[in-house]
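Okay, structure first, notes after.
The values are calculated or read from the model by the stated rules, or taken from the named source; none is laboratory data. Values in this document were obtained by computation on a predicted structure and should not be read as measured data. No Cβ is skipped: glycine too gets one built from the backbone with ideal geometry, and neighbour counts run over all protein chains shown.
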Amino acid sequence: MKLKQLSVFLENRPGQVKVPCKALADAGVNILAMSLADTEQFGILRFIVKDPAKARDVLAKAGCVVKETEVLAVEVDDRPGGLLRLLEVFEKANMTIEYMYAFNANRPGGKAALAFRFDDPEIAVKALQGAGINAIAPIEL
């Protein structure tokens, strides 16, 4: 249910996103999901990959500053209001979403997948299970 996400801190200047992407490509690591957030001076590039340990080592060797965190990958109905149901579950459980991003819009059964970061992923998992919502296990990727 919980996935390892790698975050790379980048200077906010041209060509910086290419460095970690090239390092992963050269090592044969496929990126399953990616999100880029920026401030005026730096950016955070977040990745989900099948082999986070290998990716972390590759990125570190390429000179990247890498942090590993846990996110939840959650299936939602790929239709208007699909996300709303999920947000209502988190609101009822008094959960604050730190950030989220989509990463697989073509899952079987008319589903899409979103990655969520919470302070306490265990509470989020329990809320999802109580609502009958599927969190995606790493093996399903």
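Quick notes
- Selection status of residue 93, more than 22 Å from residue 29 (Cβ to Cβ), of a type in the set (A, V, I, L, M, F, W, C) and over 19 Å from the mean Cα position of the chain (by Cα): yes
- Residue in the stretch 15-34 that is closer than 22 Å to residue 140 by Cα, crowded, with 17+ Cβ neighbours inside 10 Å and assigned by TED's automatic domain parsing to the domain that holds residue 136 present: no
- Sole exception among (1) within 21 Å of residue 125 (Cα to Cα); (2) out of contact with any helix residue (DSSP H, G or I) (no Cβ under 9 Å at 6 or more places or on another chain); (3) surrounded by fewer than 13 Cβ atoms within 10 Å (Cβ to Cβ) for residue 69, by number: (3)
- Pairs with Cβ under 7 Å, 6+ apart, first in the stretch 124-139 and without any contact (Cβ under 8 Å) to a residue 40 or more places away in the chain, second aromatic (Phe, Trp, Tyr): 127/90
- The number of residues in the stretch 90-112 that are at pLDDT 85 or above, surrounded by 12 or more Cβ atoms within 10 Å (Cβ to Cβ) and not in a loop (DSSP other than H, G, I, E, B) comes to 7.
- Check on residue 9, among the aromatic types (Phe, Trp, Tyr) and modelled with pLDDT under 90: no
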